[in-house]
Structure formats: C-alpha cells, structure tokens
Amino acid sequence: MLQPSPPLVIDIYHDGSAFAEEVIGDLQHLKLAKRLRLKAFRDWRPDALLPHPTLLVLADFAAQLEQPLCCTEQLLILPFQLDAKKLLLWPGDSLVWPLSVPLLSKQIQLLVQRFQCAHQLRSMQESLAWHARQVEREYELVENIFQNALSRNFTDYPHIRTLLAPAAKFNGDLCLVAPGPTGSLYVMMADFTGHGLAPATGALPLSQAFFAMADRSVSVAEMVTEFNYRLHRLLPNEMFCACFLLELAANGERLTYWNGGMPPALVYDDQGAIKHRLKAQHVALGVLPTEEFDAQVSSIRTSASDRVAIYTDGVIEMLSQRHEFLGLKSLECYLQAYPQLRDFDRLIHKLEHFRGDEPLHDDMSLAILACCPTGLAPARAESEARALPFSFITELNADDLRQVDVVSAILGIIGHLPNLRYHRTTLYLLLAEVFNNALEHSLLGLDSRIKDEPEGFTYYYQLRAERLQQLSKGMIRVEVSYQPRSAHIYFTLSHNGTRWQPQSQAALAGQERSHGRGLELLRHLASPLIWHEDGRTVEFGYYLTPTRSTASTTG
Amino acid sequence: MSVVRHLSSDGKELTIAIHGKFDFGIVQEFRRAYSSLGDQKPTVYVDLRQTEYLDSSALGMLLNMRKAISDHVKGIHIINCSAEVSNILDISRFDKLFVIE
C-alpha cells in the first residue's frame, strides 16, 4: 500500500537564477515524474499544504526558509558553496549541488516516498476525523431519541428513588415508571444482555409498549406477554432481556409482580427487616415463543411502611477495588442500615465507597419504592372545548333488534366523541337500563320477578334470548341530542310494546334483591327522568360533569 | 376472551378479569370462572381494570357470585375500578358487600 510509484507531477519552485536553470535542466533528463511543474519561488509559502512532492532550487538561502513548514516533505537544493550552518535553519530535507545522478535519483525517490506516506496518513486522519464526527452526530441523534422515548418516564414520582449507572455511553438497563388510569403505579426494571448501544436499542420498543399499556391499565400478566412477543421477534438469538415488572395498587396494599431472570427484589419494612424476596420464577423476556411463555404473576400484601428494592445484577456483581463482588448479603445489609427513602443518597454513597475507583463492568440500576397509597388521581375527565352539538334518531324494527347489539352500537357512535368519552361507561349503563326495560318487559313480555327464583337469573336471560329470536314485530326509537354548552346529553326512547309502570323507590329497598337495581341507578344518575304514555316513552338527561370520585381527588 | 381467570400458584388468590363489556352476555363464562376454587379458601379479586361497559345485570352477576361462594372464600375484592365504575358501585352500595379497592 505504501509502495512508492512514480509521481505524476513534481513541483519545482526556483528563483530563476543560472544555478536553478542548470539544475532544472539536469533534472528534466532524469525522468523523475511525468511532468515537472516549474513555479516562481516568490509564490512559495511555508504554510501551504502541498499537492505534489516539491523541490526548491535556489542560488542563495532566503529568509522565508527559516519559517516552520506545514509539510516537511520538500527538498531544498542549493549550491555547495553556501554556508552549511544556514542549511540547519531549514526545517525540511536538503542537498547540495552538484551530486552524482544515482544519489540524486535516490534522494528524490525518498522524497516522493515520504510525501506519499504523509499524504496517505493525512487522508486517513481526515477520514478518521470524519467518521468520529459522524459517530458523535449519530450518538447525539440516538441520545435524543432515547430522551424522547423516556420523556414520559415518571421518575419524579415522590415515593420512588432510582439510580441508573450505565457502564458505557448507552444503558442496557431500563427503569420505567408510569401511573395507571386507576391510580395504580407500574414500575419496570429490565436488563438487556450486554451493555452499550446494541442492548439499549431494545429499550425503545419495550418502553413504548410499556407506556402505551400502562395508559390502558393493562394487567402485569398481559404486559409481559406482549413484551415477550415483541422481544422474541426482535432480538437476535443470543440476546434477551431480564425483567421485573410490578404494579402497586392505588391504596398501596397490593403489589403484583412478574420476575423473569432478575435477582430477587427485596421487600423490607421501615426497620429494615426483610419480609419477602421476590425471586425469579420465569426465564427472561425474548427467550420463549408465546406458546411456551408463562405469564403467571404473583402478588403480596404490602403496607405503607414497606419498601421494595429492585435492582439489576450489576449491583450485586459490582466489583470492589480488591476485586470482590458486593453480593446479595451485603446489599441486604446496606438496605437494612438505610431503610428510609430519605437515606437513599447515603445508601448510594456506601455503594460508591465499596466500588472505590474500580470502573463499572456492567450497567447498574437500583430503584426503591415505598408502598404507600400512590396518591395518583384516576384519569381525569377533562373538559374538551369545541365539541359540536348534535342529535340523531335511530328507529329499530324487529329485525334490527334481533341482529344488532343496539346499546353498544349507539355507544360506538357517540362514546368516543370529545367530552362524552369520559362518561361512556355511565352513558352505556343508563341507556342499557332504559333500553333493556323497553325490550325485555314491553316487547318480550318478561317479568323481572323470574330472577327471584333459584337459578332464575340464568333462566331469565335464556328466555330473553329465546323470545328475542322469535320477535317478529315491535319498534324501538332512540333519539339522542347533545348540547356542549350546557354539558347535557338527552335521550328519548319510545316503543310500541305493552304499557309499563316503574316500581316506586320504596318497593326497591334491600341490598341483595335480584332486580330493580337498574332503576335505582337511573334515578340517581339521570336528570331529568320522565315516563310518558304509559311508560311507552321515557326521556332522560345526563350532566357531563366530572364523576364524584374524580372530583374528590382533583378538587 | 372477555373473562380471564387466574389462580395463583399457591392457590391463595383467584383473579377474575373482565374485559370490555360486563353484562349477561358473559354470564356462563363468568360462572365458570369461579366454579372451581381449589381447597385453599382463596381471596377472590374481580379485576375491572379493562371493563369498559357494565349494566345492572353485571351487578346481579356479582351478587350471584357472592351468594354462591362467600362461604368458601376468604373475601371478594373488586379491584382497579375506574372513577365511573366506582361511582356506579357506590350508588348500589356494593361497598357494604364487597371490598372495593
């Protein structure tokens, strides 16, 4: 690669003297290069980056020659009469004229060789610098992506402390925290095989799935099943992901967990007494196909004074300066010595002290969660401005009633509209009660008292299904109108079946009765609630204000 | 699968999760979910985290369950209720019959 080849061009800077002409004349006979390019010495610059091997041919030593050179691969040719001491001031190579042809040729060949080496070195340096800049730029981008991916991470949750210490620039450990819509808290700690960028890449799909599923209040078992499915498809065979996922109930009293290949999470009280070691019952994520994957979760009862410490093996396998492992026993001792969340910094200090100046050999993560009531508000019914007022009417004949799940279908239409969506469970309930009353009692002729008998409940719904299949005439008409300004939705339901009389409130007393509960809910939730025409038309409204339990936690 | 049953490995906890719509349409599935309880007298958790819709027939089914198994279990908890579902259970005073978490 570094073999010199005859250069295409040699540049010669000269002063136009008789000496220079003589030397150049001789050089032209030597066929040192395809072309000798002649230039005036006054154009020569010591700090110029040279494109070709360069000779300087001068009758006398010039002051510029004393300056430092950008490229030292240039050969100065001077007549022999000059003071040899002056040559020492020139930073490059030199020879004195005249010289035998073989020696001259050799000198110039060496110059060419040095020039080519330096040239190659320079271009390699440039290419390395370019690559380094490129990698740096890409790291920046990737870091940015990670930051965005984890921007929702709820590590500010007041009852958790976390330590994440990556061994390389990117972390193969992941510690994610997210609130659930019921006020529960999800915490996940995951450890991908290896450390650095490759394992960190797996963190992206995993964290996105985690946050999306926490938002939907998905259970721990279903979450890990989904994670495993994704990672099994995504990761190469030799890579997998140990994972500990827990959900703490809103009241802080129940902790549900799944441990696949992680060291035992430690549950201890505020005195430091270890109460549980939540050991791995499963293999890591990404190892087994879905058919063989075991999503069985466990749960324990917890109380406000309990703490749970989750950590990756990087913590217990941390090396001290004397190359001893920290080990599980010592970690337990540290936790027992510092059982309070406010001691977290001192605990970390202890761990740092153990490690001393020994570098981290693996990513190391530790999270300690206090099992107190989470204090997280359930998902809020936010008021969304700019909803459109609307009304619609649907008239259903016997065929429609047989074939369509009417209440679900209507909620399918209105249940995801702005403002209505946070009330869809209640709207469903109200419409279902009114609709089922009309259908079951007035069109199908069913009597709720059937439900009072043993097995009556099931029998009632069997009869309902049978009579609905046989229904050949009958009509139910539903009208819905919504006024965003008054936050009120109004339903009018009418039918052409038999008359019906709502039971009075007094007749519905008693907690364990088998029917009439729907009517009671209607009376509580609907405003107004009016029957006309012997019960063949019912009108009811509902105010879309935040539900009671929401109001109490947010107000 | 709108009813998912899960008995813990030590037999002490039975979780029944209802997905989507909780009404008479799943009456058989729901009964099957608590038909075998094991011999550990488990605590039963009815997990409503993913219950989007329910009506009074669901309340009837919960009461039927209570009638059928309350002597054979340690307790029946209704867990992970949304604000709307909690409100509905409150109005029906289910807090007196079940542990609502």
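Which is assigned by TED's automatic domain parsing to the domain that holds A:LEU411 and assigned to a helix (DSSP H, G or I), of A:ARG499, A:ARG467?
Working: A:ARG499 fails: assigned to a helix (DSSP H, G or I).
Going through A:ARG499, A:ARG467 in turn, the sole match is A:ARG467.
Being in contact (Cβ under 8 Å) with a residue 40 or more places away in the chain, over 26 Å from A:GLY196 (Cα atoms) and in a strand (DSSP E or B) narrows it down to one of A:LEU369, A:LEU335, so name that one. Break it down stepwise before answering.
Working: A:LEU335 fails: in a strand (DSSP E or B).
Within the list A:LEU369, A:LEU335, the selection yields A:LEU369.
Go through region A:391-438 and report how many residues are free of Cβ contacts under 8 Å to residues at least 40 places away in the same chain, more than 9 Å from chain B (Cβ to nearest Cβ) and assigned to a helix (DSSP H, G or I).
Total meeting the criteria: 7.
Quick one: is A:LEU446 over 21 Å from A:GLU539 (Cα atoms), touching an Asp or Glu at 6+ places or on another chain (Cβ under 8 Å) and modelled with pLDDT of 90 or more?
The answer is yes for A:LEU446.
Select from region A:270-297 the residues that are in contact with a helix residue (DSSP H, G or I) (Cβ under 9 Å, 6 or more places away or on another chain), within 13 Å of chain B (Cβ to nearest Cβ) and surrounded by fewer than 16 Cβ atoms within 10 Å (Cβ to Cβ) and list them in ascending order.
If the condition is that a residue be in contact with a helix residue (DSSP H, G or I) (Cβ under 9 Å, 6 or more places away or on another chain), within 13 Å of chain B (Cβ to nearest Cβ) and surrounded by fewer than 16 Cβ atoms within 10 Å (Cβ to Cβ), then A:GLN296 is the only one that fits.
Which residue pairs have Cβ atoms closer than 8 Å, lie 6 or more positions apart in sequence or on different chains, and pair a first residue in region A:453-464 that is more than 9 Å from chain B (Cβ to nearest Cβ) with a second residue that is surrounded by fewer than 16 Cβ atoms within 10 Å (Cβ to Cβ) and part of a helix (DSSP H, G or I)?
A:GLU453/A:TYR459
Checking A:LEU32 against (1) within 60 Å of the chain's Cα centre (by Cα); (2) in contact (Cβ under 8 Å) with a residue 40 or more places away in the chain, which test does it fail?
Result: A:LEU32 passes all but (1).
Looking at (1) out of contact with any helix residue (DSSP H, G or I) (no Cβ under 9 Å at 6 or more places or on another chain); (2) within 24 Å of A:GLY183 (Cβ to Cβ); (3) charged (D, E, K, R), find the lone condition where A:GLU226 falls short.
Going through the list (1) out of contact with any helix residue (DSSP H, G or I) (no Cβ under 9 Å at 6 or more places or on another chain); (2) within 24 Å of A:GLY183 (Cβ to Cβ); (3) charged (D, E, K, R), A:GLU226 breaks only (1).
More than 19 Å from A:LEU431 (Cα to Cα), surrounded by fewer than 17 Cβ atoms within 10 Å (Cβ to Cβ) and either in contact with a Ser or Thr (Cβ under 6 Å, 6 or more places away or on another chain) or in contact (Cβ under 8 Å) with a residue 60 or more places away in the chain (or both): does that describe B:LYS67? Spell out the reasoning first.
On the way: more than 19 Å from A:LEU431 (Cα to Cα): yes; surrounded by fewer than 17 Cβ atoms within 10 Å (Cβ to Cβ): yes; either in contact with a Ser or Thr (Cβ under 6 Å, 6 or more places away or on another chain) or in contact (Cβ under 8 Å) with a residue 60 or more places away in the chain (or both): no.
No: the conditions fail for B:LYS67.
Please list, ordered by residue number, the strands (runs of 3 or more DSSP E) wholly in region B:16-101 having 3 or more residues that are farther than 21 Å from A:HIS515 by Cβ, within 10 Å of another protein chain (Cβ to nearest Cβ) and among the hydrophobic types (A, V, I, L, M, F, W, C). Steps first, please.
Values: elements: B:20-22, B:43-47, B:51-54, B:75-79.
Once the strands (runs of 3 or more DSSP E) in region B:16-101 are filtered for at least 3 residues that are farther than 21 Å from A:HIS515 by Cβ, within 10 Å of another protein chain (Cβ to nearest Cβ) and among the hydrophobic types (A, V, I, L, M, F, W, C), nothing remains.
What residue, of A:PRO51, A:PRO68, A:PRO46, A:PRO7, is touching a Pro at 6+ places or on another chain (Cβ under 9 Å), touching a residue at least 40 places away in the same chain (Cβ under 8 Å) and not basic (Lys, Arg)?
Working: A:PRO51 fails: touching a Pro at 6+ places or on another chain (Cβ under 9 Å); A:PRO68 fails: touching a residue at least 40 places away in the same chain (Cβ under 8 Å); A:PRO46 fails: touching a residue at least 40 places away in the same chain (Cβ under 8 Å).
Going through A:PRO51, A:PRO68, A:PRO46, A:PRO7 in turn, the sole match is A:PRO7.
Can you pull out the residues in region A:98-148 that are surrounded by 10 or more Cβ atoms within 10 Å (Cβ to Cβ), under 24 Å from A:GLU21 (Cβ atoms) and among the polar types (S, T, N, Q)?
Those that are surrounded by 10 or more Cβ atoms within 10 Å (Cβ to Cβ), under 24 Å from A:GLU21 (Cβ atoms) and among the polar types (S, T, N, Q): A:SER105, A:GLN107, A:GLN109.
Residues to consider are A:ALA198, A:ALA190; find the one that is small (Gly, Ala, Ser), part of a strand (DSSP E or B) and farther than 25 Å from A:SER305 by Cα. Break it down stepwise before answering.
Values: A:ALA198 fails: part of a strand (DSSP E or B).
Unique residue meeting the criteria: A:ALA190.
Taking region B:4-33, which residues are over 14 Å from B:ILE78 (Cα atoms), buried (at least 20 other Cβ atoms within 10 Å of the Cβ) and either in contact with an Asp or Glu (Cβ under 8 Å, 6 or more places away or on another chain) or of a type in the set (Ser, Thr, Tyr) (or both)?
Matches in region B:4-33: B:LYS21, B:ASP23.
Looking at region B:1-15, which of the residues that are in a loop (DSSP other than H, G, I, E, B) and within 9 Å of chain A (Cβ to nearest Cβ) is nearest to B:LYS67 (Cα to Cα)?
Checking each candidate, the answer is B:SER8.
Being touching a residue at least 60 places away in the same chain (Cβ under 8 Å) and closer than 23 Å to A:PHE61 by Cα narrows it down to one residue among A:LEU82, A:LEU88, A:LEU104; which is it?
Working: A:LEU82 fails: touching a residue at least 60 places away in the same chain (Cβ under 8 Å); A:LEU88 fails: touching a residue at least 60 places away in the same chain (Cβ under 8 Å).
After applying the criteria, what remains is A:LEU104.
It is to be established whether one or more residues within region A:272-294 are in contact with an Asp or Glu (Cβ under 7 Å, 6 or more places away or on another chain) and not in a strand (DSSP E or B). If you could, list the steps in order and put the result at the bottom.
We begin by selecting, within region A:272-294, every residue in contact with an Asp or Glu (Cβ under 7 Å, 6 or more places away or on another chain); these are A:274-275, A:282.
Add one more test, that the residue is not in a strand (DSSP E or B), and what stays is none.
No: region A:272-294 contains no residue that is in contact with an Asp or Glu (Cβ under 7 Å, 6 or more places away or on another chain) and not in a strand (DSSP E or B).
Mind listing whichever residues of region A:41-60 are in a loop (DSSP other than H, G, I, E, B), touching a Phe, Trp or Tyr at 6+ places or on another chain (Cβ under 8 Å) and not small (Gly, Ala, Ser)? Before you say what the answer is, go through the steps one by one.
Here is the first cut: in region A:41-60, the residues in a loop (DSSP other than H, G, I, E, B) are A:44-53, A:58-60.
Then keep just the ones that are touching a Phe, Trp or Tyr at 6+ places or on another chain (Cβ under 8 Å); that gives A:44, A:50, A:52-53, A:58-59.
Answer for region A:41-60, where residues must be in a loop (DSSP other than H, G, I, E, B), touching a Phe, Trp or Tyr at 6+ places or on another chain (Cβ under 8 Å) and not small (Gly, Ala, Ser): A:TRP44, A:LEU50, A:HIS52, A:PRO53, A:LEU58.
I'd like to know if region A:159-170 contains one or more residues that are at pLDDT 90 or above, surrounded by 12 or more Cβ atoms within 10 Å (Cβ to Cβ) and in a loop (DSSP other than H, G, I, E, B).
Looking for residues that are at pLDDT 90 or above, surrounded by 12 or more Cβ atoms within 10 Å (Cβ to Cβ) and in a loop (DSSP other than H, G, I, E, B), one finds at least one in region A:159-170, hence yes.
For residues that are in a loop (DSSP other than H, G, I, E, B) and surrounded by 16 or more Cβ atoms within 10 Å (Cβ to Cβ), scanning just region A:22-38, find the one that is modelled with the lowest pLDDT. Spell out the reasoning first.
Quick first cut of region A:22-38, residues in a loop (DSSP other than H, G, I, E, B) only: A:30-34.
Those still in the list that are surrounded by 16 or more Cβ atoms within 10 Å (Cβ to Cβ) too: A:32-33.
Working: A:LEU32: 79, A:ALA33: 82.
Taking the candidates together, the pick is A:LEU32.
Looking for something touching a Ser or Thr at 6+ places or on another chain (Cβ under 9 Å), crowded, with 16+ Cβ neighbours inside 10 Å and without any contact (Cβ under 8 Å) to a residue 12 or more places away in the chain - is there at least one such residue anywhere in region A:480-492?
The answer is no; no qualifying residue exists.
The values are calculated or read from the model by the stated rules, or taken from the named source; none is laboratory data. The structure displayed is predicted, hence computed values, not measured ones. Note that we place each Cβ from the backbone using ideal geometry, even for glycine, and neighbour counts take in every protein chain shown.
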